[in-house]
Amino acid sequence: MIQHHLRVHRSDENLAREGQLAWQLARVATDPVEVTPEVVDVIINRVIDNAAVAAASLTRRPVSSARAQALSHPVSTGGDGATVFGPDLARRVSPEWAAWANGVAVRELDFHDTFLAAEYSHPGDNIPPIVAVAQHVGCTGADLVRGIATGYEIQIDLAKAISLHRHKIDHVAHLGPSAAAGIGTMLGLDQATIHQAIGQALHTTTATRQSRKGEISTWKAHAPAFAGKMAVEAVDRAMRGETSPSPIYEGEDGVVAWLLDGPDASYDVPLPGAGEPKLAILDSFTKEHSAEYQAQAWIDLARKLHHEHPDLFALRHADPELVEGQGPQVDRIVLHTSHHTHYVIGSGANDPQKYDPTASRETLDHSIPYIVAVALQDGAWHHVDSYRPERATRADTVELWHRISTAEDAEWTRRYHSLDPAEQAFGGRIEITLTDGSTIVDEIAVADAHPLGARPFARADYVHKFRTLAADVLDAAEIERFLALAERVPELDVDEVKQLSIQAASGVLASAPHPTGLF
């Protein structure tokens, strides 16, 4: 790896394009290095994982809305169009709208892969826009794999070096450039064209983190889909010879100077050197549970404690309403954890919504006190049942929930930001104080499904996740058809790539909401 030094330049310094980060990202995208077998294996896992969580979200309102918008935009010129998760595979839409609809479906349940460093990311968000363009223009599976490897590489490299959340910029600002670069790799575009596409993609996808603050809205799932849609449009515009703001990162009125660390800022961005394989996808990790990634390890620890202390967190009486003096045997619970967990999904956020039983699902999956309370009581986590209003408003759950707080611990923060995989951690230490004054203390560093966890996810786990989440929405034959394609992505021909999607069983989409709008 090489370190690209990034700093702000005055306009009169006339920074050459070779010194610009966007140009270097485009260099990585045009490097013809082969994709390694281990990277190909993980790409297949991620394609299956995305389809799994998309299947589970097909009837949810945000996904239905995005799908309806996409289906209102038929195939544009220049290709055969792209598929949308759910409808008949013969029905095609314009690729930027397929990227939009499929991006929302993948992201809606917050249930796919993650990478955490200086910035947070869900690099699987690169896959919908890259697949959409592949289907539209007629790429092979080998082309698609190369594009996905680039998308992951660039988003993860940016996330390792440049913090966006510190300045309340949403993390999808790293996704627009990575998806544009991935599409450029797949299409075999030249470096200058990809450079311009990256510039526009970044310029149009910088937004505030309010989408993940307070009463979190349905835009949380739409934000990365919007970045993917913008990436498709940026590539189209750049291919027509149009240019974009430059230098987009380093300019005195650019992203770093005004949106990030300011005119005196500098960063060192790790990038593969010429001929070096793109391996960053190997640093990413998926979710076993449908919740914010920082909650994954806590869910695993909570279900362990549930089984070790089966009577401690259970409902104490038959009546679902609390009886005076008959609450849980827990006095208080403190989760000692990283800065991010405390301030973003913990009590340090100072968001009253994180303790509100009537809060949105999007808010509850970003509330670690709620998640730990339910996992302690149920000993399990379910992508639907754990968020149902009747589950969130259960009286004993609310009481336990309100006894849970978080505290930042400097060592867990240090480990969270470590770039050493053996040391990096996303959990913490739980201290449970009981009403008799005794305590229960335990800790967990990484989720069970993490590569260094108790039960690292492998191909069989991804296939099981897909079969489980798709069981109620796809026919059995459709499940097998998709898996047969996904497990041989690198060998797919053009026509097979165009079938790399999922079709809902008869009647499933009819039961989904049908919101109407302008289109």
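The values are calculated or read from the model by the stated rules, or taken from the named source; none is laboratory data. Just so it is clear, the model here is predicted, and its values are computed rather than measured. Heads up, the Cβs are rebuilt from the backbone with ideal geometry, glycines too, and the neighbour counts pull from every protein chain shown.
Below, the figures for the structure above:
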read-out	value
Exclusive hit being in contact (Cβ under 8 Å) with a residue 60 or more places away in the chain, touching a Gly at 6+ places or on another chain (Cβ under 9 Å) and within 23 Å of residue 131 (Cα to Cα), set 26, 51	26
Those residues of segment 394-416 which are closer than 30 Å to residue 119 by Cβ and in a loop (DSSP other than H, G, I, E, B), in sequence order	409
Matching residues in segment 173-197 - criterion: being touching a Pro at 6+ places or on another chain (Cβ under 8 Å) and either of a type in the set (Phe, Trp, Tyr) or closer than 17 Å to residue 259 by Cα (or both)	175
Check on residue 264, in contact (Cβ under 8 Å) with a residue 24 or more places away in the chain, in a helix (DSSP H, G or I) and not β-branched (Val, Ile, Thr)	no
Conditions (1) assigned to a helix (DSSP H, G or I); (2) within 24 Å of the chain's Cα centre (by Cα); (3) surrounded by 15 or more Cβ atoms within 10 Å (Cβ to Cβ): number failed by residue 391	(2)
Flag if residue 268 is surrounded by 19 or more Cβ atoms within 10 Å (Cβ to Cβ) and not small (Gly, Ala, Ser)	no
Residue in segment 401-415 that is hydroxyl-bearing (Ser, Thr, Tyr), crowded, with 18+ Cβ neighbours inside 10 Å and touching a Pro at 6+ places or on another chain (Cβ under 8 Å) present	yes
Filtered residue count, segment 224-248, keeping only those that are surrounded by fewer than 21 Cβ atoms within 10 Å (Cβ to Cβ), in contact (Cβ under 8 Å) with a residue 40 or more places away in the chain and either under 15 Å from residue 151 (Cα atoms) or among the small types (Gly, Ala, Ser) (or both)	2
Scope segment 463-496; condition farther than 14 Å from residue 51 by Cβ and buried (at least 17 other Cβ atoms within 10 Å of the Cβ); matching residues	490, 492
Residue check, residue 223 outside any loop (DSSP other than H, G, I, E, B) and either at pLDDT 95 or above or not small (Gly, Ala, Ser) (or both)	yes
Qualifying residue in segment 165-179 (condition: assigned to a helix (DSSP H, G or I), of a type in the set (D, E, K, R) and assigned by TED's automatic domain parsing to the domain that holds residue 152)	yes
Out of 444, 440, 430, sole residue that is more than 19 Å from the chain's Cα centre (by Cα) and surrounded by fewer than 18 Cβ atoms within 10 Å (Cβ to Cβ)	440
Residue match in segment 297-310 (condition: surrounded by 15 or more Cβ atoms within 10 Å (Cβ to Cβ), closer than 25 Å to residue 205 by Cβ and either touching a helix residue (DSSP H, G or I) at 6+ places or on another chain (Cβ under 9 Å) or in the same structural domain as residue 423 (by TED's automatic domain parsing) (or both))	no
Residue match in segment 150-160 (condition: farther than 22 Å from residue 419 by Cβ and either surrounded by 24 or more Cβ atoms within 10 Å (Cβ to Cβ) or not charged (D, E, K, R) (or both))	no
Residue check for residue 80: over 23 Å from the mean Cα position of the chain (by Cα), surrounded by fewer than 24 Cβ atoms within 10 Å (Cβ to Cβ), among the charged types (D, E, K, R) and on the phi < 0 side of the Ramachandran plot	yes
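Residues checked against (1) in the same structural domain as residue 427 (by TED's automatic domain parsing); (2) under 23 Å from the mean Cα position of the chain (by Cα); (3) farther than 23 Å from residue 128 by Cα:
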{"position": "457", "(1), (2), (3)": "no, yes, no"}
{"position": "462", "(1), (2), (3)": "no, yes, no"}
{"position": "465", "(1), (2), (3)": "no, yes, no"}
{"position": "470", "(1), (2), (3)": "no, yes, no"}
{"position": "473", "(1), (2), (3)": "no, yes, no"}
{"position": "484", "(1), (2), (3)": "no, no, no"}
{"position": "500", "(1), (2), (3)": "no, yes, no"}
{"position": "513", "(1), (2), (3)": "no, no, no"}
{"position": "516", "(1), (2), (3)": "no, no, yes"}
